[in-house]
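The values are calculated or read from the model by the stated rules, or taken from the named source; none is laboratory data. Nothing here was measured: the structure is a model prediction, and the numbers come from that model. Quick reminder, even Gly has a Cβ in these numbers, built from the backbone with ideal geometry, and neighbours come from all protein chains shown.
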Amino acid sequence: MNILLVGSGGREHALAWKITQSPRLSRLVMAPGNPGMAALGETRPVKVTDVPALVSLAREIQADLVVIGPESAVEAGLADALAAAGVPCFGPSRAAGQLESSKAFTKAFCARHGLPTGAYVVSDQAAEAKAALDQFQPPYVIKADGLAAGKGVVIAPTRGEAEAAIDDALGGRFGAAGARVVIEEFLDGEIGSLFALCDGTHAMVFGHAQDHKRAYDGEQGPNTGGMGTYAPAPLFTDDLVERVRKELAEPAFAAIAAEGFPYRGVLFVEFMATAEGPKLVEFNVRFGDPECQVLMLRLESDLVPYLMACATGELNRLAPPVWRDQAAVCVVMAAEGYPDAPVAGASITGADGDFGREVEVFHAGTRRDETGVLQAAGGRVLNVCALGSDLVQARARAYEAVSRIDLPGGFHRTDIGWRALDR
Ligand code: GLY
């Protein structure tokens, strides 16, 4: 099979790493890819939102399948254009992608279909949004409605900070994505990330993990796209997985199909395990980043048939995936200033070393300068991942590898997995 993989982050590097292990693969082309991905196959400098160029590339390489990594490509309508061109695609249509591209859409969708989630108010007026804070208790959850690369969420402990977050978003900090804000009830409990595949009709749970969203140790600092993940997480009892499947994932697939937009791809159900049961925090229309990294390390089964089956409507022909018994941990090495103002250009040393069979270093935001030196090029720079017989061993291996990599000015959390290990 010829596969075109769209994206350039740690999630896509992990997907590429797994796809290249498939005996079904003839050729993998990645657009645009990153220096880590370039070591696995061909990369082409095409932007993830350049839909016509991606469709041409898919045709040129006679792609049997296009795999969409990031939500920005979903929002750009890549799956729709590929469908029109007759190219099988793993990734939802733009309309189904509203489950991530508009938080206001998703909250109204949950209300229409009775999916459990917290109370909310949507507003595009600062005075109205601030007045609506009366309906909520601190901490206040303020979200930009649209896609903001993981930066549009503020959890404000005080009313003053909540009002500042409203002013920030409506004042243009996130561009059009912040033209409306969603104020949400803060859900108390433990947060989890569950992944479910759908081929338009059939659904299947496809792993779960826990992420650390705050920038600094002890769940301090600003919200980020995720600073580290681990799996399996003890939060995910069989009972909880069943509840999330039955109460959130499957009803969402049924409802979005009933609204005329059958879902093809992976749905990332980010939920809070509250005292009343799982409640939706948000849907994302792609694999989590860095959740995908630990999923791919633990996935024993060939990934490609699952991706293909979602595109062709044949998921019911496949057995559930097999996972390794081992635990996996991912530690994000971030650039100085992340998430607010990441500094690019630091020269990285040690990332290309040999860390042994149980460790993988996925590139998330890197580039090579003209002399071949690896540099930081984004907020989250490297994802240092390891397998171990348990979380303790996986974590020790990941941090040992982190200690051998130098990212000047950069930082990472030192407590990934604490929720599981402190239990
Ligand atoms: N790690 C959370 C996300 O991918 O949005």
In the set R264, R317, the lone residue that is away from the ligand (no atom under 16 Å from the Cβ), out of contact with any Phe, Trp or Tyr (no Cβ under 9 Å at 6 or more places or on another chain) and more than 28 Å from S389 (Cβ to Cβ) is R317
Here, strands (runs of 3 or more DSSP E) confined to segment 118-158 with at least 1 residues that are within 15 Å of the ligand (Cβ to nearest atom) and within 26 Å of D340 (Cβ to Cβ) are 140-144, 153-156
Here the residues within segment 357-399 that are surrounded by fewer than 18 Cβ atoms within 10 Å (Cβ to Cβ) and in contact (Cβ under 8 Å) with a residue 40 or more places away in the chain are R367, R368, S389, D390, Q393, Y399
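Conditions tested, residue by residue: (1) under 21 Å from P232 (Cα atoms); (2) crowded, with 21+ Cβ neighbours inside 10 Å.
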site: A257; (1), (2): no, no
site: Y263; (1), (2): no, yes
site: V266; (1), (2): yes, yes
site: A273; (1), (2): yes, no
site: C292; (1), (2): yes, yes
site: M296; (1), (2): yes, yes
site: P305; (1), (2): no, no
Would you kindly identify the helices (runs of 4 or more DSSP H) lying entirely within segment 8-91 that contain at least 2 residues that are not aliphatic (A, V, I, L, M)?
10-19, 35-38, 51-60, 71-75
Given the condition of a type in the set (S, T, Y) and part of a loop (DSSP other than H, G, I, E, B), answer yes or no: does some residue in segment 368-382 qualify?
yes
Identify, from the list A209, A165, A176, the residue that is within 15 Å of the ligand (Cβ to nearest atom) and not polar (S, T, N, Q).
A209
Hey, could you check segment 276-309 for residues that are among the charged types (D, E, K, R), within 13 Å of the chain's Cα centre (by Cα) and part of a loop (DSSP other than H, G, I, E, B) and say which is farthest from the ligand (Cβ to nearest atom)?
R286
Flag if I256 is part of a strand (DSSP E or B) and either on the phi < 0 side of the Ramachandran plot or within 16 Å of the ligand (Cβ to nearest atom) (or both)
no
Which listed residue, of D325, D354, is among the acidic types (D, E) and either over 28 Å from F195 (Cα atoms) or within 21 Å of the chain's Cα centre (by Cα) (or both)
D354
Note: among G228, G221, just one is closer than 25 Å to L421 by Cβ and touching a Cys at 6+ places or on another chain (Cβ under 8 Å), namely G228
Kindly provide the set of residues from segment 166-193 that are among the charged types (D, E, K, R), assigned to a helix (DSSP H, G or I) and free of Cβ contacts under 8 Å to residues at least 40 places away in the same chain, ordered by number.
D168
Can you run down the residue pairs with Cβ atoms below 8 Å, 6 or more apart or on separate chains, where the first is in segment 276-301 and of a type in the set (G, A, S) and the partner is away from the ligand (no atom under 12 Å from the Cβ) and at pLDDT 95 or above?
G277/P116; G277/R243; G277/E247; S301/P321; S301/V322
Tell me which of these E163 doesn't satisfy, since it passes every other one: (1) in a helix (DSSP H, G or I); (2) under 23 Å from the mean Cα position of the chain (by Cα).
(2)
Within the set of pairs 6+ apart or on separate chains, which have a first residue in segment 9-35 that is at positive phi, a second that is assigned to a strand (DSSP E or B) and crowded, with 24+ Cβ neighbours inside 10 Å, and C-beta atoms under 9 Å apart?
G33/L5; G33/G7
